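Take a look at the structure set out below.
The values are calculated or read from the model by the stated rules, or taken from the named source; none is laboratory data. Keep in mind that this is a model prediction, so the values were computed, not measured. All Cβ positions, glycine included, derive from the backbone under ideal geometry; neighbour counts span all protein chains shown.
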Amino acid sequence: MPIAVIADIIGSRRLPDRGAAQRDLDDAIARVETDRPLAVSRLRATVGDELQGTYRTLEDALCSLLLLRLALPAGLECRFGVGIGAISDVPYDGATLADGPGWWAARDAVNALTAMQQRAAPGARTWIVAAPGEDAGMRSPVEMANAYALSRDQLVTAMSDRARRLTYGRCLGRTQSDLAREEGVTQSAVSQAMSTAGSAALVEGYVALSGGRA
């Protein structure tokens with residue numbers, strides 16, 4: 001079942017250099033797709049601060065979006081609305097427009113996430129909505145996926161820049177020794193930083209989603 005993702009930059013109007021932020025975001029997306037190519041159509045800017053992309057499965061989308069969150073530089077955050085449902089391209093004026101229930105569901109997910117951030121879950125960054133008629137037998141899986149997304153987002157939101165880099169590396173199967181050399185610290189410092197940040201749980205969740213592949 002196709003997965004549509006709509007992303008937007010949080011607080012884009014308050015960024016000191018909007019153009020630099022967009023370039024940093026594009027670089028992070030390219031890095032993730034180089035390190036672990038999972039998107040059918042990688043996230044690309046559409047209008048304003050919004051991006052759109054597609055994935056083959058919900059697992060692929062969640063894996064890729066976790067890596068992207070970890071790869072984003074300090075001060076740059078996105079929210080991700082994930083829609084489950086049919087998607088299509090509508091010809092218009094020599095180009096195509098993204099359309100279909102999957103995109104409408106992704107938009108609903110962004111709206112739900114925005115409201116959630118203003119109330120009970122300010123650290124939330126990812127939400128999943130199944131389009132009507134596309135969720136037969138999927139209510140529990142979607143609800144469980146959202147519960148997982150809320151928990152992991154809370155961990156990532158609270159992480160330091162170093163903890164995010166280390167967690168990214170471990171998700172891709174890099175050793176603590178390699179990461180320590182790259183960071184210029186001891187392996188015990190890497191272990192302590194990851195333990196404090198709850199990285200092990202994120203890495204295990206990522207491995208489970210990716211079918212045991214780090």
Selection over the range 32-41 where residues are part of a strand (DSSP E or B) and either of a type in the set (Asp, Glu) or buried (at least 19 other Cβ atoms within 10 Å of the Cβ) (or both) yields a count of 1
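Could you say which residue among ARG23, ARG13 is closer than 24 Å to GLY169 by Cα, of a type in the set (D, E, K, R), assigned by TED's automatic domain parsing to the domain that holds ALA130 and surrounded by fewer than 20 Cβ atoms within 10 Å (Cβ to Cβ)?
So the residue among ARG23, ARG13 that is closer than 24 Å to GLY169 by Cα, of a type in the set (D, E, K, R), assigned by TED's automatic domain parsing to the domain that holds ALA130 and surrounded by fewer than 20 Cβ atoms within 10 Å (Cβ to Cβ) is ARG23.
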Those residues that are free of Cβ contacts under 8 Å to residues at least 40 places away in the same chain, outside any helix (DSSP H, G or I) and within 11 Å of the chain's Cα centre (by Cα), I need them from the range 42-90; list them, please.
LEU43
Is it the case, given these coordinates, that ARG56 is of a type in the set (Lys, Arg) and over 18 Å from ASP8 (Cβ atoms)?
yes
Do you know which residues across the range 161-193 are of a type in the set (Ser, Thr, Tyr) and either part of a loop (DSSP other than H, G, I, E, B) or in contact (Cβ under 8 Å) with a residue 40 or more places away in the chain (or both)?
THR167, TYR168, THR175, THR186
Here are some conditions: (1) in the same structural domain as CYS78 (by TED's automatic domain parsing); (2) buried (at least 16 other Cβ atoms within 10 Å of the Cβ); (3) out of contact with any strand residue (DSSP E or B) (no Cβ under 7 Å at 6 or more places or on another chain). TRP103 meets all but one. Which one does it not meet?
(3)
